[in-house]
Amino acid sequence: MKHFAVFGTHPRLSLAEFRQISGDSTPQPLLIGSAALSEDPAWDGAVLMNRLGGTVKVGDIHDECTLDDLNAGRIVKMIERLPREDRIVFGLTVYGGTPAGKRAMERLPLEIKRELKTRGKSARWVTSENDQPLSPAAVAKLNLTTEGYDLAIFVHGTNVSIGLTTHVQDADAWSLRDYGRPVRDDENGMLPPKLARMMVNLARIPEHGTLLDPFCGSGTVMMEAALATHADMIVMSDIEATQVESARRNLNWLIERRVLREDDRARIAFATSDAKTIARHVNGKVDAIVTEGYLGPPLKGNETQAKLDKIVDDIASLWRDSLAAFHPLLKPNGRVVCVWPAMKTSHGTARVDLTQDLSRLGFRTVNPLERWDDSNAPLLYHRAGQRIMRRIVVLKRDTQS
Ligand SMILES: C[S@@+](CC[C@H](N)C(=O)[O-])C[C@H]1O[C@@H](n2cnc3c(N)ncnc32)[C@H](O)[C@@H]1O
């Protein structure tokens, strides 16, 4: 059976995450807009949905045909093979295809309703605003994965694959972790939990492994690593004692709210330290370092080019010193997943890029999309209106060094 994944706001990054948690032999999926069709024989939708930060829906493909053969009768037959509630509630999203093709399919939901009516069934078609795919929250609220149908039609060339969503991202749980925690640090920048989760997954932390976040801030990486990995030790440190205290408070809250378990405490350690001297606080070697790093001071938007250049120089210098300190701490092939910021104001742009320094420091870049996309285009995370764009970089400790 074929399956599908629908990615969130940053499809390339989500695909990289998906690639890293799939086995290395997983066949390359077919990309259709912000979705992917997969023929992974080991597919487990529930496990994937629980694990991934960048994927909002997963499901199974139940039928395939040519565009010419796609019609309401065919979809109704497919629905009838999977009977659910008597009153049929369905959503329908088309992925891929030309704008003209999409327009031609605009009548499909009403035709499905009509077709169902001729078969004596009442049906309700649910839509979202602005022609967007039905959100995971709406699919969950209407129980479309168990009682109704969230139809997903993927157009590739002259063919279509027709699927049904089986699992959606738990919007409430993600939102609680993002907005509900007692300490949020908008001043220093705070990783969105979904991005933290994607970074954790890009690090491929082995079972019983050790993970370090030496610029932990209020502890978003800790939260997602504790939930998504079987790491035995998660070490959080920051140069500011107040930030370490914030991460501790957030951990207490996660346990109070039963997001994490009381015994998760035993696998989380805290330290106050400059990242450059973090070795003093870590016993043995770590499997991975997952960290956002310092992004520079908050920007007002009118900083000059000279000011941006200075900020970027300072951050790059901190990274050079920090990577030198991380090298002896990492196991061979251990990964560093980090953020190199790029800035834009009304007067200029600047970006942190240490590519030229890596080999001297004993690191190599990893392309997390290896074999699926060898373009090496940067993995970017950016929200409209933000002055700082995050470039997610995956490094590996060079075994030769
Ligand atoms: C962008 S914030 C990290 C936010 C964090 N990812 C979160 O989600 O809350 C960067 C952090 O780096 C810390 N920092 C700055 N310079 C540092 C250094 N030399 N060593 C360790 N931490 C440092 C700051 O105190 C700040 O908490």
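We did not get these values from a lab; they are worked out from the coordinates using the rules stated. Since this is a predicted model, take the numbers as computed values, not measurements. Glycine gets a Cβ as well: all are built from the backbone with ideal geometry, and neighbour counts include every protein chain shown.
Between the C-alpha center of the stretch 206-263 and that of the stretch 156-172 there is a gap of 33 Å.
In the elastic network of the chain, a GNM with C-alpha springs shorter than 10 Å, the most mobile of Thr98, Thr26, Thr55 is Thr98. Determine the distance separating the Cα centre of the stretch 37-53 from the Cα centre of the stretch 73-87; give it in Å without decimals. Distance between centres, Cα-based: 24 Å.
With Rh defined as the Kirkwood radius, the inverse of the mean 1/r over Cα pairs, the Rg/Rh of the stretch 92-138 is 1.02.
Over the chain, dividing the summed -39,500 (n - 2.57) contributions of all DSSP H runs of at least 4 residues by the number of residues returns a 222 nm mean residue ellipticity of -8500 deg cm²/dmol.
Could you tally the net charge around Leu164, taking each other residue with its Cβ under 9 Å from the Cβ of Leu164, Lys/Arg +1 and Asp/Glu -1?
So the environment of Leu164 carries a net charge of -2.
Across every direction, the projection of the convex hull enclosing the Cα atoms of the chain has a mean area of 21.1 nm². Over all other residues within a Cβ to Cβ distance under 13 Å of Thr242, the charged ones net out to -3, with Lys and Arg as +1 and Asp and Glu as -1. Using the Cβ of Asp373 as centre and a radius below 11 Å, the other residues enclosed give a net charge of +1, where K and R count +1 and D and E count -1. Here is the size of the stretch 208-352 from its Cα atoms: Rg then Dmax, 16.5, 50 Å. Mean shadow of the stretch 1-125, computed from the convex hull of its alpha carbons, in nm²? Taking the Cα atoms of the stretch 1-125, their convex hull projects to 8.6 nm² on average.
With a cut-off of 14 Å on the backbone N, the residues of the stretch 138-166 near the modelled label site 7 Å out from Glu111 along Cα-Cβ are 160. Taking the square roots of 5 times each eigenvalue of the Cα gyration tensor of the stretch 55-112, largest first, gives ellipsoid semi-axes of 20, 15, 12 Å.
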